Amino acid sequence: MKKNDSPTVTDVAALLKREGFTPSESELEALTGYLTLVLKWNKVMNLVGPYSWKDILTILIIDSLHLNQFLRSLPLPAAPVTWDFGAGAGLPGIPLRALWQEGEYHLVDVREKRAMFMEQTVKRLRIPNTTVYKGRVEEFMARHDPADLMLSRAFMPWEKLLDLVGSNIKSQGRIVVLALEPVPQDLIEGWSVEKEISYSVGKDTRYFWSLIKA
């Protein structure tokens with residue numbers, strides 16, 4: 001890797017500031033550490049595709065910073081139990097947990113190498129109250145009590161997601177969806193829209209929806 005392909009904390013801070021974010025020093029160190037590990041692992045397995053570190057930060061990790069702000073705007077329990085399914089390269093969860101460390105957080109992925117990457121990254125960055133489960137989401141849910149919050153970033157279409165996960169979310173629990181389209185009008189009965197935001201990433205408009213269970 002060329003020297004200018006290795007981001008420093010100062011590099012990350014400057015780029016995030018241009019995007020409107022000013023994380024603390026400890027948060028910047030964690031975000032830079034995560035970015036460095038993604039670049040390292042990406043050389044031997046296709047974690048995120050052929051992105052430069054600047055693209056990984058401003059196209060992929062940036063979602064986690066918006067998500068941090070979104071979650072802080074919701075009336076969540078004091079210590080929510082959160083599920084992140086199909087977590088893959090640890091997105092949005094690991095960068096999110098560098099900023100938002102409320103309650104318990106579970107990263108779930110069936111793919112062994114990606115689960116290994118997440119386990120080692122969580123341990124290396126010393127991210128608290130965050131665990132990795134390698135296996136199918138159905139198996140994971142069968143072994144755990146219902147959650148307060150589930151995050152979905154390109155895991156599956158929202159209709160299938162509500163059908164699969166809905167009975168395993170607590171009453172008044174939430175599913176937060178990251179999507180490229182606004183919240184649909186024809187939600188499944190028993191769910192309602194709590195909040196929606198949108199923001200721009202390059203030419204894309206991205207949305208977060210919070211769907212709350214009756």
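Can you find a residue in region 136-153 that is part of a strand (DSSP E or B), over 23 Å from Arg206 (Cβ atoms) and either open to solvent by less than 80 Å² (accessible area, probe 1.4 Å) or of a type in the set (Val, Ile, Thr) (or both)? Yes, region 136-153 contains at least one residue that is part of a strand (DSSP E or B), over 23 Å from Arg206 (Cβ atoms) and either open to solvent by less than 80 Å² (accessible area, probe 1.4 Å) or of a type in the set (Val, Ile, Thr) (or both). Tell me which residues, restricted to region 183-193, are in a strand (DSSP E or B) and open to solvent by less than 60 Å² (accessible area, probe 1.4 Å). Of everything in region 183-193, those that are in a strand (DSSP E or B) and open to solvent by less than 60 Å² (accessible area, probe 1.4 Å) turn out to be Trp191, Ser192. Under the condition of being crowded, with 18+ Cβ neighbours inside 10 Å and free of Cβ contacts under 8 Å to residues at least 60 places away in the same chain, the residues counted in region 169-182 number 5.
Number of residues in region 41-55 that are surrounded by fewer than 19 Cβ atoms within 10 Å (Cβ to Cβ) and assigned to a helix (DSSP H, G or I): the value is 3.
Quick check, is Pro182 at pLDDT 95 or above and at negative phi? Spelling it out, it is not the case that Pro182 is at pLDDT 95 or above and at negative phi. Residues that are of a type in the set (Asp, Glu), under 24 Å from Pro80 (Cβ atoms) and touching a Leu at 6+ places or on another chain (Cβ under 8 Å) within region 172-214 comprise just one, Glu194. Restricting attention to region 99-119, the residues that are part of a helix (DSSP H, G or I) and open to solvent by less than 10 Å² (accessible area, probe 1.4 Å) add up to 3. The residues listed here are Thr8, Thr22, Thr58; of these, the one that is open to solvent by 40 Å² or more (accessible area, probe 1.4 Å) and touching a residue at least 12 places away in the same chain (Cβ under 8 Å) is Thr8. Evaluating Val165 against the criteria (1) part of a strand (DSSP E or B); (2) of a type outside the set (Asp, Glu); (3) under 19 Å from the mean Cα position of the chain (by Cα) leaves one unmet condition, (1). Output the residue which, of all residues in region 20-62 that are β-branched (Val, Ile, Thr) and over 18 Å from the mean Cα position of the chain (by Cα), is farthest from Ile127 (Cα to Cα). For region 20-62, the residue satisfying everything is Val44.
Hey, does region 33-40 have a residue that's open to solvent by 50 Å² or more (accessible area, probe 1.4 Å) and either under 30 Å from Arg174 (Cα atoms) or touching a residue at least 40 places away in the same chain (Cβ under 8 Å) (or both)? No. Looking across region 154-168 at every residue that is within 22 Å of Leu96 (Cα to Cα) and touching a helix residue (DSSP H, G or I) at 6+ places or on another chain (Cβ under 8 Å), the one that is surrounded by the fewest Cβ atoms within 10 Å (Cβ to Cβ) is identified as Met156.
The values are calculated or read from the model by the stated rules, or taken from the named source; none is laboratory data. None of the values given here were measured: they were computed from a predicted structure. Backbone-built Cβ (ideal geometry, glycine too); neighbour counts: all protein chains shown. The accessibility values were calculated without ligands, DNA or RNA, using every heavy atom of the protein model including side chains. Shrake-Rupley method; radii C 1.70, N 1.55, O 1.52, S 1.80 Å.
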